[in-house]
Amino acid sequence: QSALTQPASVSGSPGQSITISCTGTSSDVGGYNYVSWYQQHPGKAPKLMVYDVSNRPSGVSNRFSGSKSGNTASLTISGLQAEDEADYYCSSYTSSSTVVFGGGTKLTVL
Amino acid sequence: EVQLVESGGGLVKPGGSLRLSCAASGFTFSSYDINWVRQAPGKGLEWVSSFTSSSSSIYYADSVKGRFTISIDNAKNSLYLQMNSLRAEDTAVYYCARDPSYCSGGSCSLGAFDIWGQGTMVTVSS
């Protein structure tokens, strides 16, 4: 199972919006609406930010939104804040009943 | 408080074995799928294995299949990961994570992990 493809890094200034892409195949991202996104600060456990492509768990800011087109999912963070600086990972349920993660994207808030 | 707590990590020689534990509290353990996810130092997340509560099905990543085994003790609200034939590339922080299976309109989520433990470090080195 190959990892999903994410850009290694993205950056943006406070108040701006950024988008992180996550590309898979028809056996994972493209085949199911079971894409999740996680935020991870250094030394901490990941935090679920989006599930089922575009749903947010209770307590997650509406500045975080998800979408999908074909084999590519995206996470958009609007109104960037300093505390958004972290690593972000996408994941997808797969046709093998497993889960595959993306390689991770480091977000820098300039 | 809803939480997962991992234990059992440590230093082990290549070819050795280790058993990790994941203890749950604050929720009905037997009603949820529980997964193991690992993260090598400075690297990304890698899904390792899952236990599906509804069917007791177990799945493994190809990288650990045949070497790692999940077991569960519902009486102790605990999930275990028996790791055999350990390799240097198994060195990582191992997290257990809960799949909440959010349900709406007759369908439920899959593969989303809402509760994570603090992780336990496994180092495979001679």
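The values are calculated or read from the model by the stated rules, or taken from the named source; none is laboratory data. A quick note: this is a predicted structure, and the numbers were derived from the prediction, not measured. Every residue, glycine among them, receives a Cβ derived from its backbone with ideal geometry; neighbour counts consider all protein chains shown. Ligands, DNA and RNA are excluded from the accessible area calculation, which covers all protein heavy atoms including side chains. Shrake-Rupley method; radii C 1.70, N 1.55, O 1.52, S 1.80 Å.
General observations
- The number of residues in segment B:78-126 that are open to solvent by 20 Å² or more (accessible area, probe 1.4 Å) and either free of Cβ contacts under 8 Å to residues at least 24 places away in the same chain or of a type in the set (D, E, K, R) (or both) comes to 12.
- Within this structure, A:Ser74 passes the test of being open to solvent by less than 70 Å² (accessible area, probe 1.4 Å), more than 8 Å from chain B (Cβ to nearest Cβ) and either of a type outside the set (S, T, N, Q) or in a strand (DSSP E or B) (or both).
- Qualifying residues in segment A:23-48 (those that are of a type outside the set (Val, Ile, Thr) and more than 14 Å from chain B (Cβ to nearest Cβ)) - the one surrounded by the most Cβ atoms within 10 Å (Cβ to Cβ): A:Gly30
- Restricting attention to segment A:80-97, the residues being open to solvent by 10 Å² or more (accessible area, probe 1.4 Å), at the interface with chain B (Cβ under 7 Å from one of its Cβ atoms) and of a type in the set (S, T, N, Q) number 1.
- Test: residue in segment A:55-64 that is touching a residue at least 24 places away in the same chain (Cβ under 8 Å) and not basic (Lys, Arg): yes
A quick yes/no check of all residues on (1) in contact with a helix residue (DSSP H, G or I) (Cβ under 8 Å, 6 or more places away or on another chain); (2) of a type in the set (A, V, I, L, M, F, W, C):
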residue: B:Ala24; (1), (2): no, yes
residue: B:Phe27; (1), (2): no, yes
residue: B:Ser30; (1), (2): yes, no
residue: B:Ile58; (1), (2): no, yes
residue: B:Ile70; (1), (2): no, yes
residue: B:Asp73; (1), (2): no, no
residue: B:Ser85; (1), (2): no, no
residue: B:Ala88; (1), (2): no, yes
residue: B:Ala97; (1), (2): no, yes
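Residues checked against (1) among the β-branched types (Val, Ile, Thr); (2) surrounded by 15 or more Cβ atoms within 10 Å (Cβ to Cβ); (3) farther than 17 Å from A:Ser91 by Cα:
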site: B:Glu6; (1), (2), (3): no, yes, yes
site: B:Gly10; (1), (2), (3): no, no, yes
site: B:Leu18; (1), (2), (3): no, yes, yes
site: B:Cys22; (1), (2), (3): no, yes, yes
site: B:Phe29; (1), (2), (3): no, yes, yes
site: B:Trp47; (1), (2), (3): no, yes, no
site: B:Ser63; (1), (2), (3): no, yes, yes
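Listed here are the residues, each with its yes/no results for (1) within 23 Å of B:Pro41 (Cα to Cα); (2) touching a Leu at 6+ places or on another chain (Cβ under 8 Å); (3) in a loop (DSSP other than H, G, I, E, B).
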| position | (1), (2), (3) |
| --- | --- |
| A:Pro7 | yes, no, yes |
| A:Gly15 | no, yes, yes |
| A:Cys22 | yes, yes, no |
| A:Val29 | no, yes, yes |
| A:Asn33 | no, no, yes |
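- In segment A:4-22, residue nearest to the other protein chains (Cβ to nearest Cβ) [restricted to those that are crowded, with 18+ Cβ neighbours inside 10 Å and under 15 Å from A:Tyr93 (Cα atoms)]: A:Leu4
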